[in-house]
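The values are calculated or read from the model by the stated rules, or taken from the named source; none is laboratory data. Quantities reported herein were computed from a predicted structural model and do not represent experimental measurements. Heads up, the Cβs are rebuilt from the backbone with ideal geometry, glycines too, and the neighbour counts pull from every protein chain shown. The protein model used for the area step is the full one, side chains on, heavy atoms only, and it has no ligands, DNA or RNA in it. Shrake-Rupley method; radii C 1.70, N 1.55, O 1.52, S 1.80 Å.
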Amino acid sequence: MAEQAQPQGPDLTQGVAVGTIPDGGMVGGHVGDESVLVARRGEKFFAIGATCSHYSGPLAEGLIVGDTVHCPWHHARFSLETGEAVGAPAFNPMSCWRVEQRDGKVFVREKAKPPARLRGGGDHPQRIVIVGGGAAGFAAAEMLRREGFAGSLTMLSSDDAPPYDRPNCSKDYLAGNAPEEWMPLRPPEWYGEQKIDLKLRTEVTAIDPKAREVTLASGASLPFDRLLLATGAEPVRLDIPGAQSTHVHVLRSLSDSRAIIAGAEKAKRAVVIGASFIGLEVAAALRAREIEVHVVAPERAPLERVLGAEYAAFIRALHEEHGVNFHLEDTATAIEAKSVRLKGGATLAADLVVVGVGVRPRVALAERAGLKTDRGVVVNEYLETSAPGIFAAGDIARWPDPHTGEMLRIEHWVVAERQGQAAARNMLGAKRRFAEAPFFWSQHYDVPIAYTGHAEKWDVLDVEGDIKGRDCLVRYRRGEKVLAVASIYRDVENLAHEAAMERAGAGG
Ligand SMILES: Cc1cc2nc3c(=O)[nH]c(=O)nc-3n(C[C@H](O)[C@H](O)[C@H](O)COP(=O)(O)OP(=O)(O)OC[C@H]3O[C@@H](n4cnc5c(N)ncnc54)[C@H](O)[C@@H]3O)c2cc1C
Ligand code: FES
């Protein structure tokens, strides 16, 4: 997460030679004290803000795909023409400037007015209800209003906080390096301004697809014309003695993260059970708080199953360099007030325990409503469930993925947000297939890993560059087909792979 950098590069108001910007290329510079980039597509030039509205990623180091620019850090997408944030995780638009071509040069002129919203109208439903106030639920609500949906919009969330940046709960926020202002996806007053009736601490207990209403834990019921189910996943809890003690935590919500922070303020030694992405990010955050950290996990090497042996060795060494102690091929058998006992015989001192052993999709509501489920809620290419008018998105959705040809269910932030956006458009009748390539990132100290695609199993793993040198692109292949790539500081190549996957999947 970068601080706003001082603008660098040429003064774009003085003009840039047309020949210095290749088709599909861009050049960064400034207009006054704002960083701006000029992008070229064919004979057309665009000028757009250069600092991503998500977490300030440098867009000039990203990729132009069609009429959009993609951010190198977390792959947000912006329209070059209008600056609109057309693909999550960014939601705020970028500024655009008018450009003029004269005497073989492109000049950036005054800032363009945001385009008037022409969307809306159409044969929209009257009442939309969203169950879930997380990534998918928020992105859907935001997109519904952006698309001009003017009917009643209710978001029901069992959480006690308005939608927030969940990935940060195990990263900078947990480490104490992110201010509170970074966490909400929108300020509380935004929901009122957008006429989104956000009801927090509200559990939905039943859905009646025929009567088209949901029932709340309070007994109240709410009618809908379209429903989005976005109930996410819940952490698996351990079934061992002591797992219910107050110093033992799971991490799903902001209040879980705050509870761990409160525990960390008094703790000297922590045991993290599970070497999952979340477990390892928690380990890193607790090391940043100078707590002794032990990670206990049954696998031979952390994340080997997801990223392969080479990455796993690097990740282990990276965490060890930062003082994390691993107890691999071992499991916890009991948690006591000041220690954790392991199957292998060791006893580890711990006044804080965090369990990160995976999640289960929250599908109970869908099952009770008679929707088709299969280790997730089954949806079609438009993210509609087996009940017409009821859509599902995010961690619960199992969708037909055109890239693998398989029914996939994935637990990634950007996938959940993009599915929320796609479901929103389809609830309004767009009939657009969800065909985006899955993407996630994970941060370990100063090392970001970006992963695009999906490879549960692969035959060949090619390492280009050097994993240990923190400059690599790893390809996971089955036969000739690249199923996924995972990179460190090779963001443009990662974005190019994503674009190629999406081009290939577009006809599928
Ligand atoms: C700590 C942490 C760090 C992560 N880091 C990353 C990362 O770096 N990169 C990445 O790609 N992914 C990351 N993820 C995963 C990512 O956050 C999830 O994939 C994403 O949040 C899924 O979005 P969702 O909308 O499906 O579910 P959620 O965001 O979990 O939202 C579900 C919502 O549904 C509500 N709900 C559930 N049941 C009911 C009910 N019956 N009635 C009313 N409301 C209900 C919940 O309260 C919640 O508001 C992380 C997850 C966690 C927990
Ligand atoms: S900083 Fe651009 S997508 Fe996150």
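Listed values, structure above:
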read-out: Backbone HN-Hα couplings from phi across the range 333-338 [Karplus 6.51/-1.76/1.60, Hz, Gly and Pro as x]; value: 10, 7, 10, 10, 4, 10
read-out: Value of relative contact order over the range 230-353, rounded to a whole percent, pairs C-alpha under 8 Å and six or more apart; value: 28
read-out: The range 306-425 - accessible surface per residue (Å², probe 1.4 Å); value: 38
read-out: Heavy-atom accessible surface of the chain: percent carbon and sulfur, 1.4 Å; value: 49
read-out: Cβ-based charge dipole, the range 92-172, positive-most Cα from PRO162, ALA136, CYS96; value: CYS96
read-out: Cα-centred dipole magnitude for the chain, charges only on beta-carbon of K, R (+1) and D, E (-1), debye, nearest 20; value: 1080
read-out: Projected-area average for the range 96-203 over all orientations - Cα convex hull basis, square nanometres; value: 10.7
read-out: Space enclosed by the convex hull of the alpha-carbon atoms of the chain, per residue, Å³; value: 157
read-out: Solution diffusion estimate, µm²/s, Stokes-Einstein, the range 308-365, Kirkwood Rh from C-alpha pairs, 4 °C, viscosity 1.567 mPa s; value: 93
read-out: Residues LYS343 and ASN380, FRET efficiency given R0 of 56 Å [Cβ-Cβ distance, rounded to 0.05]; value: 0.80
read-out: Relative contact order of the chain, pairs being alpha-carbon contacts under 8 Å that are 6 or more residues apart, as %; value: 12
read-out: Contour minus Cα-Cα distance for LYS195 and LYS266 (0.36 nm per residue); value: 21.3 nm
read-out: Check: the range 256-359 dipole with +1 on Lys, Arg Cβ and -1 on Asp, Glu Cβ, in debye; value: 280
read-out: Sequence-distant residues sharing a close amide H with PHE391 (under 5 Å, placed H); value: LEU227, LEU228, LEU229, THR385
read-out: Whole-number accessible area per residue in Å² for the range 69-119, which is evaluated in the context of all protein chains at 1.4 Å; value: 50
read-out: Simple Cβ-charge dipole of the range 311-368, Lys/Arg +1 and Asp/Glu -1, about Cα centre, in debye nearest 20; value: 320
read-out: Share of Cα-Cα pairs in the range 364-442 lying beyond 17 Å, as whole percent; value: 39
read-out: Residues of type aspartates and glutamates that LYS343 reaches as a straight line, Cα spacing below 13 Å, ignoring anything fewer than 8 places off in the same chain; value: GLU329, ASP330
read-out: Under the Karplus curve 6.51 cos²θ - 1.76 cosθ + 1.60, θ = phi - 60°, whole-Hz ³J(HN,Hα) for the range 24-30, x wherever Gly or Pro sits; value: x, x, 8, 9, x, x, 8
read-out: The range 175-306: Cα Rg divided by the 2.2 N^0.38 Å rule of thumb; value: 1.39
read-out: Cα-only Debye scattering, the range 1-154: base-10 log of I(q)/I(0) at q = 0.11, 0.12, 0.14, 0.18 Å⁻¹; value: -0.48, -0.56, -0.72, -1.03
read-out: Dipole of the range 381-458, positive end: most advanced residue of ALA392, PRO448, ALA416 [Cβ charges, Cα centre]; value: ALA392
read-out: Farthest toward positive dipole pole in the range 254-319 [+1 Lys/Arg, -1 Asp/Glu at C-beta], among PRO298, TYR311, ILE273; value: ILE273
read-out: Whole-angstrom gap from the range 235-274 to the range 163-191, using each part's C-alpha centre; value: 19
read-out: Backbone HN-Hα couplings from phi across the range 316-332 [Karplus 6.51/-1.76/1.60, Hz, Gly and Pro as x]; value: 4, 4, 4, 5, 5, 4, 8, x, 7, 9, 9, 10, 8, 6, 8, 9, 7
read-out: For the chain, share of DSSP beta bridges that run antiparallel, in % to the nearest 5; value: 70
read-out: The chain: calculated mean residue ellipticity at 222 nm from DSSP helix runs of at least 4, using -39500 (n - 2.57); value: -6000 deg cm²/dmol
